[in-house]
Amino acid sequence: MLRALVIASVLLAAPSLVRAQDAPPADPTGRAVTLRLGLGASGIVGPDRAGITGHVGVQIPLVEWVSIDVLAHLGVDPWDARGRMWIALAAGVRGELPIDAWRPYLAARIAHVHDAPLHAWGDHFGETLAGDPAHGLGHLTALGGAIGVTWEVPGTQRRLVLGLEGEALGLIHGSAHHGRSPDAWVGGSVSVGWQLF
């Protein structure tokens, strides 16, 4: 009889032990570092053009509702000979409102942008990437923000995160190049992320 009780107790406790082992370790902030990839489109104000954009980002939690965002953007306006490409590094503070698996957020960002005509990137890629303005590269600083929402996909232990974001950055400082620097970048993107517990 005692043996039957011990076996029954082990069988009843086993699922709880397995779930406890599968659960992610506790994070004192209630959040985790999140890596994400995004794809979207951007309107370039000033030249009044449109481009395709992509980004790689990392979100670093500070407390439950506040985190630091660091992003690397790549944008291309490939539509004709006046096309351009830009690379931007952006950083900012992001405030979230957790609603179960949903997290609407607002973010303030500052970005450094390397913007140049497509021919500069094609003919002088190394120099342009390194920041040489001789072939039309502009060094620009932009300030703005983003509004968006993320969703922690059920069944993934909060690890898989899908996102939707709108972002606007306005030029606050920059060197003149190939005629005119953009005044602003306004766009939207979808993203997929993975939380690192």
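The values are calculated or read from the model by the stated rules, or taken from the named source; none is laboratory data. From a predicted model like this one, the values you see are computed outputs, not experimental measurements. Backbone-built Cβ (ideal geometry, glycine too); neighbour counts: all protein chains shown. Only protein heavy atoms, including side chains, enter the accessible area calculation; ligands, DNA and RNA are left aside. Shrake-Rupley method; radii C 1.70, N 1.55, O 1.52, S 1.80 Å.
Pull out a ≥ b ≥ c, the square roots of the eigenvalues of the alpha-carbon gyration tensor of the stretch 119-176, then state rounded if a/c is under 1.5, prolate if not and a/b is larger than b/c, and oblate in the remaining case. Intermediate results must be reported in sequence, preceding the final value.
Numbers: a/c = 4.77, a/b = 2.09, b/c = 2.28.
Because a/c hits 1.5 or more and a/b fails to exceed b/c, the stretch 119-176 counts as oblate.
Kindly sort His139, His173, His55 by accessible area of their heavy atoms, largest first, with the probe set to 1.4 Å.
Descending accessible area places them as His173, His139, His55.
Report in % the part of the accessible area of the stretch 34-196 that belongs to carbon and sulfur, leaving out ligands and nucleic acids; probe 1.4 Å.
Carbon and sulfur: 73 percent of the exposed surface of the stretch 34-196.
Going by average Cβ neighbours within 10 Å, how do the peptides 114-123, 77-86 rank, with the highest at the top? Walk me through the numbers before you get to the answer.
Working: 114-123: 19.2, 77-86: 15.5.
Highest mean packing first, the order is 114-123, 77-86.
Please list the non-local residues whose amide H lies under 5 Å from the amide H of Arg82, H modeled 1.01 Å from N, same-chain partners needing a gap of 5 or more.
Amide H neighbours of Arg82, under 5 Å, 5+ apart: none.
Name the residue farthest towards the positive end of the dipole of the stretch 34-196 from the options Gly92, Leu137, Leu62, assuming +1 on Cβ of Lys and Arg, -1 on Cβ of Asp and Glu, about the Cα centre.
In the stretch 34-196, that residue is Leu62.
Enumerate the calculated ³J(HN,Hα) couplings along the stretch 104-116 in order (Karplus 6.51 cos²θ - 1.76 cosθ + 1.60, θ = phi - 60°), each rounded to whole Hz, writing x wherever the residue is Gly or Pro.
Values, residue by residue: x, 8, 10, 9, 9, 9, 10, 9, 10, 10, 9, 10, 8 Hz.
Read phi for every residue in the stretch 160-168 and hand back ³J(HN,Hα) as whole Hz from Karplus 6.51 cos²θ - 1.76 cosθ + 1.60, θ = phi - 60°, with x for Gly and Pro.
With coefficients 6.51, -1.76 and 1.60, one gets 7, 10, 9, x, 9, 9, x, 9, 9 Hz.
How big is the charge dipole of the stretch 34-196 about its Cα centre, in debye rounded to the nearest 20, if each Lys and Arg gets +1 on its Cβ and each Asp and Glu gets -1 on its Cβ? Intermediate values should be presented prior to the final figure.
On the way: 10 positive and 15 negative charges, 42 e Å.
Value, rounded to 20: 200 debye.
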